[in-house]
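Step one of this worksheet: look at the structure below.
Please treat every number below as a calculation from the coordinates, not as lab data. Keep in mind that this is a model prediction, so the values were computed, not measured. Quick reminder, even Gly has a Cβ in these numbers, built from the backbone with ideal geometry, and neighbours come from all protein chains shown.
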Amino acid sequence: MSSNPESRVAVVTGAAGGIGAAVAARLAADGFAVAGADVAEGAAFSCDVRSEADVRRLRDEVTARLGAPWLLVNVAGVFFEHRITELAEEDWDLILDTNLKGTFLTCKTFLPAMIEGGSGCIVNVGSTAGIRGGHTRAAYCAAKAGVVNLTRSLALDHGGDGVRISCVCPGLIDTPMADWITSRPDALREFEEGLPAGRIGTGDDIAGAVSFLASDAASYTHGTVLVVDGGVTA
Ligand SMILES: NC(=O)c1ccc[n+]([C@@H]2O[C@H](COP(=O)([O-])OP(=O)(O)OC[C@H]3O[C@@H](n4cnc5c(N)ncnc54)[C@H](O)[C@@H]3O)[C@@H](O)[C@H]2O)c1
């Protein structure tokens, strides 16, 4: 595993999505060799993060083609509005397994080589839904709260191994996942008018935060939960 920033390898899950694509592009511009992974078409590596066998295969393929990853960015996720009283068990599993179990599986699988190399970095994408509750998203809030505290606990366990582990919590970002509100112009306008930033976020807003946490400028950040939300939780 190389510790030279110019030749470090980064794995980005959810790379076919709005935030994942922006993160992958920004990390490539920063000098990383980026392996984009997704269950959907559009990423270089195919991987369902809910499957340990898939995640192991991803690690083996990326390591063989690019080298052992120094950076893991967990972006893959799913969201849909729901009420718990009407949420099917398989939909609870879909939300928890994609957002939380997937983060566990990738951390479990990619950490050993980072520990062995004595250097590495993980950035998990949580959500403002992981630091407070919200209407019509209880399972998603539970999953993202799990991501936030998984991040903090792993940072405690592995800082001494030379691995920094942090979390970015986006607010509302203009990707297909935000269709539930961007498809309703009046609701979106009302939301934006109440924001200190005055606008919905972009994938690049999140990519900038990931880029910082993965950089040497963030060498004293461990277990950081970086909220990038235009001020919605201020
Ligand atoms: N868009 C927002 O407003 C917002 C806000 C807060 C947090 N987030 C989080 O940001 C992350 C990225 O979301 P986005 O806005 O880019 O949404 P998106 O729907 O554009 O992208 C999500 C990507 O994850 C992939 N994915 C889904 N299930 C997968 C699986 N099992 N294995 C591998 N890949 C899988 C999808 O194929 C998709 O490409 C998610 O974790 C999401 O929860 C988004």
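Numbers below:
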read-out: Calculated FRET value between F212 and A28, using beta carbons and R₀ = 22 Å, to 0.05; value: 0.90
read-out: Highest-MSF residue in the chain out of V73, V62, V123 [GNM, Cα springs under 10 Å]; value: V62
read-out: Rounded to the nearest 20 debye, dipole of the chain from Cβ charges on Lys, Arg, Asp, Glu; value: 500 debye
read-out: CD proxy at 222 nm, helix term only [per DSSP H run n ≥ 4: -39500 (n - 2.57); per residue of the chain; nearest 500]; value: -12500 deg cm²/dmol
read-out: Positive-end residue of W180, F110, A142, charge dipole of the chain with Cβ unit charges; value: F110
read-out: With at most 11 other Cβ atoms within 10 Å, longest stretch of the chain clear of loop GluC sites (Glu not before Pro) (DSSP); value: 82-234
read-out: Computed magnitude of the charge dipole of the stretch 107-195 (debye, nearest 20; Cβ of K, R +1, Cβ of D, E -1); value: 260 debye
read-out: Distant-in-sequence amide H partners of V227 (H built 1.01 Å from N, under 5 Å); value: C169
read-out: Computed over the chain: relative contact order in percent, which uses C-alpha pairs under 8 Å that are six or more apart; value: 21 percent
